[in-house]
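See below for the structure under consideration.
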Amino acid sequence: MVKQRDTINNLSPYIPGKPIEEVKRELGLDRVIKLASNENPLGNSPAATKAVQEWSENMAIYPDGNSTRLKMALSEKLNIDPDQLLLGAGTDQILEIIAQTYINPGDNTIMGCPSFPRYESVVKVMDGQSIEVPLTGDYRMDLNGFLEKINERTRIIWLCNPNNPTGTMITSEEQLDFIRKVPKDILIVLDEAYYEYAKGGDYPESLELLNEFDNLIILRTFSKAYGLAGLRIGYAISNKEIIGYMNRVRGPFNTNTGAQLAAIAALQDQDFIEKSIQSNNQGKEYLYSVFEEMGLEYIPTYANFIMVNINLSSVEVFKALLKKGVIIRSGDIYGMDDWIRVTIGTKEENEIFVKALKEVINDFS
């Protein structure tokens with residue numbers, strides 16, 4: 001038998017949220033709502049749909065390997081040079097590219113715990129080590145704890161902001177103070193997948209820091225607020241040198257034409273984004289009020305999901321909700337077994353979830 005690399009033995013495959021059709025088939029349900037993967041419940045811009053439909057007649061043609069038109073659209077919107085951009089099949093692929101570009105065997109990276117699990121897996125694949133820093137008592141990143149863990153083999157620091165799964169935020173002042181204290185030869189990855197939901201107030205505008213610091217990569221995506229998760233399209237922003245090295249690793253046709261065209265169209269439809277943000281804020285306040293009424297602890301969120309403490313086994317509650325046609329994320333995978341993570345849905349979806357949750361908790365009591 002062909003032997004795999006030793007490091008693969010220490011990896012666990014990603015466990016995706018259950019797809020709606022599978023749940024319907026398994027449990028014989030007519031209606032299922034998915035509130036597990038932080039997708040936009042409003043779908044996507046009609047302009048993006050039209051762009052994909054028009055492209056569908058030309059699927060035999062290879063995509064633009066440079067994503068030229070999308071880079072131009074992003075550079076105009078963000079006021080940056082196109083050469084500061086790298087496109088990927090979601091930010092998941094870009095995380096892989098970063099690890100492949102910057103991690104040697106034995107190097108380490110620092111991340112919060114719990115945080116986005118992909119940081120750890122891409123590091124393991126490169127025979128690197130992950131140093132996890134527990135969150136503070138209020139479920140926020142312990143940035144001082146990060147600084148204490150830095151050593152001579154530290155190559156990357158991952159900052160998920162807002163953090164997934166807790167939805168908590170690093171403020172602009174906190175982030176700037178932290179970056180100034182990190183040695184300049186350590187790469188800092190600012191993962192801003194939920195930027196559109198979090199922006200404003202004390203949330204950092206990290207693009208402004210690129211002129212001052214040359215060890216930053218900012219990650220953003222079209223999967224969340226823009227609603228293009230099924231097309232897999234995300235991007236990295238950094239200085240030209242870092243992007244240049246990452247392009248040596250990136251595959252030549254790593255983003256498809258449909259995704260590129262849909263992203264361009266989505267960027268032009270900011271009305272849809274504003275509508276999505278408004279819907280998310282309304283849903284957030286509704287769920288807050290319900291959790292308070294039920295006496296459940298929750299973590300105030302800056303994203304489009306909420307962690308709530310149901311004081312029961314998250315796995316058992318997940319299974320019970322599934323039988324009622326509601327898919328959520330159980331907190332056990334994050335080491336938070338009494339918690340569940342729920343995506344903020346439409347008004348109707350939120351109400352269905354609340355009704356089902358109340359029934360499940362009552363059944364367990």
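List of remarks:
- Matching residues in the range 73-100 - criterion: being among the hydroxyl-bearing types (Ser, Thr, Tyr) and touching a strand residue (DSSP E or B) at 6+ places or on another chain (Cβ under 6 Å): Thr91
- Counting only residues that are acidic (Asp, Glu) and within 16 Å of Val189 (Cβ to Cβ), the range 208-264 holds 2 of them.
- Boolean, Phe291 is in the same structural domain as Glu351 (by TED's automatic domain parsing), in contact (Cβ under 8 Å) with a residue 12 or more places away in the chain, more than 19 Å from Pro162 (Cα to Cα) and out of contact with any helix residue (DSSP H, G or I) (no Cβ under 8 Å at 6 or more places or on another chain): yes
- Listed by first and then second residue, the pairs linking a residue in the range 206-235 that is at negative phi to a residue that is of a type in the set (Asp, Glu) and not in a loop (DSSP other than H, G, I, E, B), with Cβ atoms under 8 Å apart and 6 or more places separating them unless they lie on different chains, are Asp214/Glu241; Leu219/Asp191; Lys224/Glu196; Ala225/Glu196; Tyr226/Glu196; Gly234/Asp92.
- Lone unmet requirement of (1) surrounded by 22 or more Cβ atoms within 10 Å (Cβ to Cβ); (2) hydroxyl-bearing (Ser, Thr, Tyr); (3) in contact (Cβ under 8 Å) with a residue 60 or more places away in the chain for Tyr245: (1)
- Selection from the range 1-49 of residues that are over 24 Å from Tyr226 (Cα atoms) and in a helix (DSSP H, G or I): Asp6, Thr7, Ile8, Asn9, Asn10, Glu22, Val23, Lys24, Arg25, Glu26, Leu27
- Within the option set Asp30, Asp64, being surrounded by fewer than 18 Cβ atoms within 10 Å (Cβ to Cβ) and at pLDDT below 95 holds for one residue only, Asp30.
- Scanning the range 326-365 for residues that are in contact (Cβ under 8 Å) with a residue 24 or more places away in the chain, out of contact with any Gly (no Cβ under 8 Å at 6 or more places or on another chain), within 21 Å of Ser115 (Cα to Cα) and of a type outside the set (Gly, Ala, Ser) turns up Ile328, Ile333, Tyr334, Met336, Val342, Thr343.
- Look at the range 90-114: where a residue is on the phi < 0 side of the Ramachandran plot and a partner is in a helix (DSSP H, G or I) and among the basic types (Lys, Arg), sitting 6+ places away or on another chain with Cβ atoms under 8 Å, you get Asp92/Arg118; Leu95/Arg118; Thr101/Arg248; Ile110/Lys149.
- Among the residues making up the range 248-280, those that are in contact with a Ser or Thr (Cβ under 6 Å, 6 or more places away or on another chain) and assigned to a helix (DSSP H, G or I) are Val249, Gln260, Ala266, Phe272.
- Enumeration of residues in the range 174-188 that are within 17 Å of Tyr119 (Cβ to Cβ) and either β-branched (Val, Ile, Thr) or outside the structural domain of Pro117 (by TED's automatic domain parsing) (or both): Val182, Ile186, Ile188
- If the condition is being in a helix (DSSP H, G or I) and of a type in the set (Gly, Ala, Ser), then the range 281-337 contributes Gly283, Ser289, Ser314, Ala320, Gly331.
- Flag not set for Ser289, criterion: at pLDDT 95 or above, among the small types (Gly, Ala, Ser) and touching a Leu at 6+ places or on another chain (Cβ under 6 Å).
- When Leu86, Leu95 are checked against the criterion of being under 20 Å from Tyr14 (Cα atoms) and either of a type in the set (S, T, N, Q) or in contact with a helix residue (DSSP H, G or I) (Cβ under 6 Å, 6 or more places away or on another chain) (or both), Leu95 stands alone in meeting it.
- Residue, nearest to the chain's Cα centre (by Cα), within the range 309-328, restricted to residues that are closer than 30 Å to Glu274 by Cα and crowded, with 22+ Cβ neighbours inside 10 Å: Ile328
- Close pairs from the range 307-325: first among the hydroxyl-bearing types (Ser, Thr, Tyr), partner at pLDDT 95 or above and in a helix (DSSP H, G or I), Cβ under 7 Å, at least 6 apart: Ser314/Gly331; Ser314/Asp332
- Output for the range 204-242, where each listed residue is surrounded by fewer than 17 Cβ atoms within 10 Å (Cβ to Cβ), within 22 Å of the chain's Cα centre (by Cα) and farther than 24 Å from Glu174 by Cα: Gly230
- Subset of the range 248-260 (residues that are crowded, with 17+ Cβ neighbours inside 10 Å and either of a type in the set (Ser, Thr, Tyr) or more than 18 Å from Ala73 (Cα to Cα) (or both)): Arg250, Asn254, Thr255, Thr257
- Checked against (1) within 24 Å of Phe253 (Cβ to Cβ); (2) crowded, with 18+ Cβ neighbours inside 10 Å; (3) within 20 Å of the chain's Cα centre (by Cα), Asn38 meets all criteria but (1).
- Among the residues of the range 332-365, those that are crowded, with 19+ Cβ neighbours inside 10 Å, under 20 Å from the mean Cα position of the chain (by Cα) and over 15 Å from Leu296 (Cα atoms) comprise Tyr334, Thr343, Ile344, Gly345.
The values are calculated or read from the model by the stated rules, or taken from the named source; none is laboratory data. Predicted, not measured: the structure shown is a model, and the values here were computed from it. Every residue, glycine among them, receives a Cβ derived from its backbone with ideal geometry; neighbour counts consider all protein chains shown.
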